[in-house]
1. Wrap a convex hull around the Cα atoms of the stretch 41-126, take a quarter of its surface area, and give that in square nanometres.
2. Net charge within 13 Å of residue 11 by Cβ-Cβ distance, Lys/Arg positive one each and Asp/Glu negative one each, not counting residue 11 itself?
3. Give me the dipole magnitude in Debye, nearest 20, for the chain about the Cα centre, with unit charges on the beta carbon: positive for Lys and Arg, negative for Asp and Glu.
4. At a Cα cut-off below 16 Å, give the lysines reachable from residue 219, other chains included and same-chain residues fewer than 8 away excluded.
5. For every other residue with a beta carbon closer than 13 angstrom to the beta carbon of residue 268, add +1 if it is Lys or Arg and -1 if Asp or Glu, then tell me the sum.
6. Under the definition of Cα pairs under 8 Å and six or more residues apart, what whole-number percent is the relative contact order of the stretch 154-241?
7. As a test of the formula, what do you get for the chain when each DSSP H run with n ≥ 4 contributes -39,500 (n - 2.57) and the sum is divided by the residue count, at 222 nm and rounded to the nearest 500 deg cm²/dmol?
8. Which lysines, on any chain, are close to residue 281 with Cα under 23 Å apart, when same-chain ones fewer than 8 places away are left out?
Amino acid sequence: MFCVECGKDTPIFRNGVCLGCYLKHTQFTSGPSILDITICPRCSSYKQKNTWIQEDFDDILRRHIKDTYSISPELRNVTIQTNCKEQDRILQCTVSFSGMIEDVPITEQHPLTVRIRRNTCDVCSRESGGYYEAILQIRAEKRTFTNEELKTLRTAVESLVEQLQRSGKRGLFITDSDETRQGLDFFISEKTTAFSIAKKIQEQFGGEFKQSASDAGMKDSKQVYRMTYLVRIPAYRKGDFFSFDGSYFMIDSLHENKVRARDLSSWTEKVVEGKDIQPSKIFGGSELIREMILVSQSKKETQVMDPKTYTTVEVQKPKSMTITSETVKTVKLDGYLFLLPS
Ligand SMILES: [Zn+2]
Ligand SMILES: [Zn+2]
């Protein structure tokens, strides 16, 4: 067959013309010469249609190009590349489309001006407006918090929030927080997430969980409720000593409403219900531990010396064993002296 255009005797590709002539006259891609991209100046999210996303600028630009350019379905395996120079929030770009027609590689280029618009996103405007759906309250049972505990709890909440934000919860933020010796309040933008953070804090620090709703008025002709999630951290802490049922224990770990404790007279483990630990039976924690010098030992007993007073005392070993260190840790509770596991 002869090509109607070039007259050569070659295979006809389409409409009576050969592939070479067809490619000469066909444009496979087309699009606008100006594109607006909106960025939030506070969080650097980009607006994509009606949602805001956090992505690299190059990816966002490619998405916008895909949405606004028309690409002929004839062109296969299309890749889009951009090359931009920025000046005063205006980018002068060259957009290259590469693909295949039959087995011929095609590249088409278009100049494109990209204008960067600034607009505060939905999340940031909520945040600056003090928006919150839930209050996470952390309190202590029958006591106040130490500075160290407050710091630990604040870090725990903040790192949970950061973790969730990184995993894609864009709408999550802490609007405000209050901190006193009595406890911590976090004002959180999403109630379902605030709930799961509260549960995680309870898992980590033990104690009880309560929730309550309060009326926050109408919004879009719907009744809006704000939630308060209260985690009441128990009177005891990890490492505390307490007495229960005539025995003395040290707390190894906390689990919601239960406590894993070590019986100081046998070093065996016991799981105790948190509610069975009376605040009045808690002696304190690591501040009670005294280091003593090991003077002598038998299978079942040791003789230890207080390095401050040089008095020596005998202590029962919780099990038969040989102590190899020169000093031992002890605690005195109700006048009884106990050896602690090293
Ligand atoms: Zn031809
Ligand atoms: Zn924003």
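Rule-based calculations on the coordinates, nothing more; no lab input. Note that the structure is a prediction, hence the values are computed from the model and not measured. Positions of Cβ are generated from backbone atoms using ideal geometry, with glycine treated the same way; all protein chains shown enter the neighbour counts.
1. Values: hull surface 25.2 nm².
Average projection, Cα convex hull of the stretch 41-126: 6.3 nm².
2. On the way: positive: 8, 14; negative: 9, 102, 103.
Its environment carries a net charge of -1.
3. Values: 49 positive and 46 negative charges, 95 e Å.
With Lys and Arg at +1 and Asp and Glu at -1, about 460 debye.
4. 191
5. Details: positive: 260, 262, 270, 319; negative: 252, 263, 269.
Net charge around residue 268: +1.
6. On the way: 99 pairs, mean separation 17.7, N = 88.
Relative contact order comes out at 20 percent.
7. Details: 5 runs with 61 residues, N = 342.
Mean residue ellipticity at 222 nm (helix-derived): -5500 deg cm²/dmol.
8. Filter leaves 142, 238, 258, 270, 329, 332.
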